[in-house]
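**Student:** Once you've had a glance at the structure underneath, I'll fire off some questions.
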Amino acid sequence: MHESRLVADLMAAADRHLADPSRITGLTFQIGALSVVTPDALRHGVTESARARWGSEPDITIHQSPDPSATNALGVMLVSLRVED
């Protein structure tokens, strides 16, 4: 499944930002205007992956770009992450 590989790559990117990724409380993603990934599929995949990797479910925010000429119009990006203090 295309989404499972994409989610694995996005979660690995989040992991690289912290020594203890289990402190992540929220993730924000942007889906490109021409991407075939749906917000529901991304949310489901990230929720399941986070539960398995970190033992928790972060808040997930997903923005969809309306611009088909944007640099990442075909992709999905991890935009930001929030961590507990």
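**Student:** How many residues does region 13-24 contain that are in a loop (DSSP other than H, G, I, E, B) and within 10 Å of V83 (Cβ to Cβ)?
**Tutor:** 3
**Student:** Identify, from the list L27, L10, the residue that is in a strand (DSSP E or B), touching a helix residue (DSSP H, G or I) at 6+ places or on another chain (Cβ under 9 Å) and among the aliphatic types (A, V, I, L, M).
**Tutor:** Exactly one residue qualifies, and that residue is L27.
**Student:** Can you find, within region 30-85, the residue that is surrounded by the most Cβ atoms within 10 Å (Cβ to Cβ) among those that are of a type in the set (S, T, N, Q) and part of a strand (DSSP E or B)?
**Tutor:** Checked region 30-85; the qualifying residue surrounded by the most Cβ atoms within 10 Å (Cβ to Cβ) is Q30.
**Student:** Here is a further query. Among the numbered conditions (1) at pLDDT 95 or above; (2) of a type in the set (A, V, I, L, M); (3) more than 14 Å from the chain's Cα centre (by Cα), tell me where I31 comes up short.
**Tutor:** Result: I31 passes all but (3).
The values are calculated or read from the model by the stated rules, or taken from the named source; none is laboratory data. All values reported here derive from a predicted model rather than from experimental measurement. Using ideal geometry, Cβ is built from the backbone for each residue, glycine included, and neighbour counts are taken over all protein chains shown.
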